[in-house]
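Peer 1: Take this structure, written in structure tokens, and hold onto it; I'll ask about it next.
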Amino acid sequence: MGKYFGTDGFRGKAGVDLTAEHAFKTGRYLGWYYSRLHPTDKAKIVIGKDTRRSSYMYESALAAGITSSGADAYLLHVTTTPCVSYITRTEGFDCGVMISASHNPFGDNGIKLLNGKGEKMEDEIQNDIEKYIDGEIPDLPYASGDGIGCTVDFYTGRNRYIGYLTNLATKPFDDHRVALDCSNGSSWMIGPAVFNALGAKTYVINNQPDGVNINLNCGSTHIQGLCDYVRENKLDVGFAFDGDADRCLAVDEKGQEVNGDKIMYICAKYLKSKGQLPSNTVVTTIMSNFGLYKALDAAGINYEKTAVGDRYVYENMKAYSHLIGGEQSGHIIFRKHARTGDGLITAIMLMGVMIDTQLPLSVLAEGCRMYPQVLKNVVVDDKDVTLAEQAVMDTVSACTDALGDSGRVLLRKSGTEPLLRVMAEAGSREECEKNVDAIIEAMQKSGHLIEVRK
């Protein structure tokens, strides 16, 4: 990860960590970089944004930077991250920009960059943008005269994306009562438009964004409201999206959460039964629940484990031609249809399984039982030294041996803080606590522990 751009873009508190000047300079560099590849015409860069108040500020700053460097800026306005990805790769854009901090509170924001294939931007380009922001690259030339770029209203791109989504469904959603929690975010218009077009009887909540209520006690990070809504209204299924709708969690007809691990299990098992899972593999991160792996083993489906982050999931999928992968958080990639996680595609795929099998979601999810999990964040003086301590390694080995095939322990370094994340999954919460505490005690005895965060 770079100074500004992490695994999912440039993210931070709006106006503090991420300023309008940062956005302007990002646009300046992108406009200059891609204009060099267009000696006879203008480079084209497409921009989308979520519903945060600050997103409008960054949209203007990015567009100003892009056009002042001689490229054209096309504005999708409020839309989803996967929409930007789709439009970038299908409409001949040089790159795409999404303004969003995803599931974070409204006071945060971010800039996500996508290459011309609709994939996460290459690190080399992002590194050079960081150098330009910090003044390590000399100032770039401004365009003048008819070389100045145009800002183009491109809201029609959203309609093309909606058309694409509706064509993915193989059967109509008629007679199905579906709840959508739009998180007061990017999906607030697109989500209902897609499900209404497919014939569902759609019930929508949290679809009144005001600039400051995105993700506020709603959406995929606060799913209990949707659970209650589905149960109280006796609906067939519910789907909760995050702020930029690249994530989706589901709720079954009983009002029970169906997380990303269970969604991957359901869809992979179905695709395998139809002969549509050619590599017979699901790509997960190391943080997927142990229960998913047990369920995939029982279904005869292989799995890969990557570092945390959908970027790493996609890279593995692309390298080895796997078709489905994702995270427990609901960031799921169906590589046949998208280059990023797409919450609406996830919902459409899950609806397809329910309709084709004529089974309720609770039954489809039965084969994947989530194991109890305990995770504690531990502040240490040195992450690498702590992990290399013999006493810590011995304790981890002892816990692993004791759990056998009935659970696991995992230690993971935080990428941004002096933290180690100590996690255990087992048959009971008590057993998880015992193993996590044993590892933390070994860290304490080794002299590296500073504090255990709640």
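Only the coordinates and a few stated rules stand behind these numbers; no lab work does. The structure displayed is predicted, hence computed values, not measured ones. We place every Cβ from the backbone using ideal geometry, glycine too, and count neighbours over all the protein chains shown.
Peer 1: Using alpha carbons only, what's the Rg to Rh ratio of region 171-241 with Rh from Kirkwood? Don't skip to the answer; put the middle values down first.
Peer 2: Working: Rg = 11.7 Å, Rh = 12.0 Å.
Radius of gyration over Kirkwood radius for region 171-241 works out to 0.97.
Peer 1: Next question, about the same structure. Using a ≥ b ≥ c from the Cα gyration tensor of region 207-284 (square roots of the eigenvalues), is it rounded, prolate or oblate, where a/c under 1.5 gives rounded and otherwise the larger of a/b and b/c decides, a/b for prolate? Don't skip to the end; give the middle numbers.
Peer 2: On the way: a/c = 3.16, a/b = 1.70, b/c = 1.85.
Judged from the Cα gyration tensor, region 207-284 comes out oblate (a/c at least 1.5, b/c at or above a/b).
Peer 1: Here is a further query. If the reach is capped at under 24 angstrom between alpha carbons, list the lysines near K201, excluding any in the same chain fewer than eight residues apart.
Peer 2: Straight-line reach from K201, under 24 Å: K171, K234, K254.
Peer 1: Something else: Below 24 Å Cα-Cα, how many Lys pairs turn up in region 1-126? Only count pairs eight or more apart in sequence, or on different chains, if you could.
Peer 2: Taking the Cα cut-off of 24 Å, the pair count is 25.
Peer 1: Further question: To two decimal places, what compactness ratio does region 373-453 give when its Cα radius of gyration is scaled by 2.2 N^0.38 Å?
Peer 2: On the way: Rg = 11.7 Å, N = 81, 2.2 N^0.38 = 11.7 Å.
Relative to the 2.2 N^0.38 Å estimate, region 373-453 comes out at 1.00.
Peer 1: In nm, what is the difference between 0.36 nm times the number of residues separating E91 and N196 and their Cα-Cα distance? Intermediate results must be reported in sequence, preceding the final value.
Peer 2: Numbers: separation 105, 0.36 × 105 = 37.80 nm, distance 2.55 nm.
Contour length minus Cα-Cα distance gives 35.2 nm.
Peer 1: What does DSSP give for region 160-364 in terms of the percent of beta bridges that are antiparallel, rounded to the nearest 5? Don't skip to the answer; put the middle values down first.
Peer 2: On the way: 9 of 25 bridges.
Counting only bridges with both partners in region 160-364, antiparallel ones make up about 35 percent.
Peer 1: Let me understand region 160-364 better: what is its radius of gyration from the alpha carbons, and its Dmax, in angstrom?
Peer 2: 15.8, 47
Peer 1: Oh, and also: Multiply the residue separation of A299 and K131 by 0.36 nm, subtract the distance between their alpha-carbon atoms, and state the gained length in nm to one decimal. Each step should come with its number before you reach the end.
Peer 2: Numbers: separation 168, 0.36 × 168 = 60.48 nm, distance 4.86 nm.
Length difference between fully extended and current span is 55.6 nm.
Peer 1: Please list 100-106, 124-130, 4-10, 239-245 highest first by mean number of surrounding beta-carbon atoms within 10 Å per residue.
Peer 2: Numbers: 100-106: 24.6, 124-130: 17.6, 4-10: 20.4, 239-245: 32.4.
For the peptides 100-106, 124-130, 4-10, 239-245, the packing ranking is 239-245, 100-106, 4-10, 124-130.
Peer 1: For the chain, calculate the relative contact order in percent as a whole number, restricting contacts to Cα pairs under 8 Å that are 6 or more residues apart. Kindly include the intermediate steps, with their values, before the conclusion.
Peer 2: Details: 1035 pairs, mean separation 54.0, N = 454.
So the answer I get is 12 percent.
Peer 1: Considering only DSSP beta bridges with both partners in the chain, what is the antiparallel share in %, to the nearest 5? Could the numbers behind the result be given before it?
Peer 2: Values: 37 of 68 bridges.
Looking only at bridges with both residues in the chain, the antiparallel portion is about 55 percent.
Peer 1: Another question, then. State the Kirkwood hydrodynamic radius of region 1-148 in Å, one decimal place, computed from all pairs of distinct Cα atoms. Walk me through the numbers before you get to the answer.
Peer 2: Numbers: mean 1/r = 0.0673 Å⁻¹.
Computed over region 1-148, the radius equals 14.9 Å.
Peer 1: Then there is this: For a paramagnetic label modelled at 7 Å from the Cα of A402 toward its Cβ, which residues of region 416-445 fall within the zone defined by backbone nitrogen distances under 18 Å?
Peer 2: 422-445
Peer 1: Only helical DSSP H runs with n ≥ 4 go in: add -39500 (n - 2.57) per run for the chain, normalise by residue count and round the 222 nm mean residue ellipticity to 500 deg cm²/dmol.
Peer 2: Numbers: 15 runs with 177 residues, N = 454.
Estimated from H runs of four or more residues: -12000 deg cm²/dmol.
Peer 1: Further question: Which of V396, P418, S220 sits farthest toward the positive end of the charge dipole of the chain, with +1 on the Cβ of Lys and Arg and -1 on the Cβ of Asp and Glu?
Peer 2: Final value for the positive-end residue is S220.
Peer 1: Restricting to DSSP loop positions (anything but H, G, I, E, B) with no more than 14 other Cβ atoms inside 10 Å of their own Cβ, which GluC sites (Glu not before Pro) remain in region 360-436? Don't jump to the answer; show the numbers that get you there.
Peer 2: Working: sites: E366, E389, E425, E430, E431, E433; in loops: E366, E389.
Listed in order of number, the matching sites are E366.
Peer 1: What is the Cα radius of gyration of the chain over 2.2 N^0.38 Å, N being its residue count? Don't skip to the end; give the middle numbers.
Peer 2: Working: Rg = 22.8 Å, N = 454, 2.2 N^0.38 = 22.5 Å.
In units of the 2.2 N^0.38 Å rule of thumb, it is 1.01.
Peer 1: To the nearest 20 debye, what is the magnitude of the charge dipole of the chain about its Cα centre, counting +1 on the Cβ of each Lys and Arg and -1 on the Cβ of each Asp and Glu?
Peer 2: Values: 48 positive and 58 negative charges, 181 e Å.
Once rounded to the nearest 20, the dipole reads 860 debye.
Peer 1: I need the trypsin sites (Lys or Arg not before Pro) found in region 303-372, filtered to DSSP loop residues with at most 14 other beta carbons within 10 Å of theirs. Intermediate values should be presented prior to the final figure.
Peer 2: Numbers: sites: K305, R311, K318, R335, K336, R339, R369; in loops: R335, K336, R339, R369.
Answer by residue number: K336, R369.
Peer 1: If each residue's Cβ is checked for other Cβ atoms within 10 Å, how do T40, T90 rank with the fewest at the top?
Peer 2: Details: T40 4, T90 13.
Least crowded to most crowded, the residues run T40, T90.
Peer 1: Are there any helices in the chain, counted as whole DSSP H runs, that stretch 18 Å or more along their axis by Cα and score at least -1.0 on average by Kyte-Doolittle, and if so which?
Peer 2: 20-35, 53-68, 156-168, 260-273, 343-357, 390-403, 429-445
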